[in-house]
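Student: Below is the structure I would like to discuss, written out as structure tokens.
The values are calculated or read from the model by the stated rules, or taken from the named source; none is laboratory data. Note that the coordinates shown come from a computational prediction; the quantities given were computed from them, not determined experimentally. Because the Cβ atoms are built from the backbone with ideal geometry, glycine has one as well, and the counts that use them run over all protein chains shown.
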Amino acid sequence: MTEIDEKKKQRLPIWASLLICLVVLVIAGVSTSVFSWLMLARRIVVEANVPEKMQQTSMKIAQFPQPLPEGFKYLMAADFGIMQTLVIEDEPSHQQIAFYSLPGPMGEKDSKNFLDRAYDAGINTTYINAKFHDLKSHGDIKVAGQQMNYLLGEFTDLATNRKADGLVGSIGLNNAAKNILIYSYPDRDHAYNQQVTMNLLNSLKGF
């Protein structure tokens, strides 16, 4: 097999590459100031903070407990039709866990490549513009009976040069023909606590 053929084999489907770009755009506006993001989606943004709408969107992503576990709250949610996004915040630590439900089944190899692309894209919120540069751990864990591949790494906030850890995970649901992408990151005043992320993930009842 030639090198060119090998690169073609490893390449993600075009739709998956486009969704990565969409995720980067969405994550840029999900953290603190939702109303400053994407005026063309004003109706979606306005509804993003309505409790009933957030709960409805959350159930299209996963079976979240109602109410959420103690300490957690919905920060925003939006249903884009082909994609749903949800951000939950742990109030004591202000750590945020962002979920994205993306369409289409993926093979195991494509799913891992998709996770790598999401990790390479970094974290882009209204208060963090960061790139991962030091992979600290990786592996897979069970979340609501499904395998979640994850990468845990250190990133540097390009605006402040502050270093912190963050996690990116992906869950492929071929039976449901959708994929769940998860970002978890701290705010600027706290260190990352992986147990906070796991507390929320372990509360999920299914997908």
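Student: Would you mind finding the one in D134, D79 that is within 17 Å of I180 (Cβ to Cβ) and not β-branched (V, I, T)?
Tutor: Details: D134 fails: within 17 Å of I180 (Cβ to Cβ).
Answer to the selection: D79.
Student: I would also like to ask the following. Quick one: is D189 surrounded by fewer than 18 Cβ atoms within 10 Å (Cβ to Cβ), in a loop (DSSP other than H, G, I, E, B) and not hydroxyl-bearing (S, T, Y)? Full working, then the answer.
Tutor: Details: surrounded by fewer than 18 Cβ atoms within 10 Å (Cβ to Cβ): yes; in a loop (DSSP other than H, G, I, E, B): yes; not hydroxyl-bearing (S, T, Y): yes.
So D189 fits the description; yes.
Student: Would you check if there is a residue in segment 12-33 being touching a Ser or Thr at 6+ places or on another chain (Cβ under 9 Å), at pLDDT 50 or above and in a strand (DSSP E or B)? Let's see the steps before the verdict.
Tutor: So the first thing to find is which residues in segment 12-33 are touching a Ser or Thr at 6+ places or on another chain (Cβ under 9 Å), and the list is 23, 26-33.
Within this subset, residues satisfying the condition of being at pLDDT 50 or above are 23, 26-30.
Cutting the leftovers down to in a strand (DSSP E or B) gives us none.
Scanning segment 12-33, I find no residue that is touching a Ser or Thr at 6+ places or on another chain (Cβ under 9 Å), at pLDDT 50 or above and in a strand (DSSP E or B), so the answer is no.
Student: Hey, among L152, L201, which residue is touching a strand residue (DSSP E or B) at 6+ places or on another chain (Cβ under 8 Å), among the aliphatic types (A, V, I, L, M), within 23 Å of Y127 (Cα to Cα) and at pLDDT 90 or above? Steps first, please.
Tutor: Values: L201 fails: within 23 Å of Y127 (Cα to Cα).
The unique qualifying residue is L152.
Student: Filter segment 45-63 down to residues that are modelled with pLDDT under 90 and in a loop (DSSP other than H, G, I, E, B) and give me whichever is farthest from Q96 (Cα to Cα).
Tutor: Per the criteria, the residue is V50.
Student: Exactly one of these conditions fails for K163: (1) loosely packed, with under 14 Cβ neighbours inside 10 Å; (2) under 14 Å from Y183 (Cβ atoms); (3) touching a Ser or Thr at 6+ places or on another chain (Cβ under 8 Å). Give me its number.
Tutor: Only one criterion in (1) loosely packed, with under 14 Cβ neighbours inside 10 Å; (2) under 14 Å from Y183 (Cβ atoms); (3) touching a Ser or Thr at 6+ places or on another chain (Cβ under 8 Å) is unmet by K163, namely (2).
Student: Moving on to the next point. Is it the case that some residue within segment 148-160 is in contact (Cβ under 8 Å) with a residue 12 or more places away in the chain and within 20 Å of M83 (Cβ to Cβ)? Break it down into steps so the answer makes sense when it comes.
Tutor: The initial filter retains those residues of segment 148-160 that are in contact (Cβ under 8 Å) with a residue 12 or more places away in the chain, namely 148-160.
Pick out the ones that are also within 20 Å of M83 (Cβ to Cβ) and you get 148-149.
Yes, segment 148-160 has at least one match.
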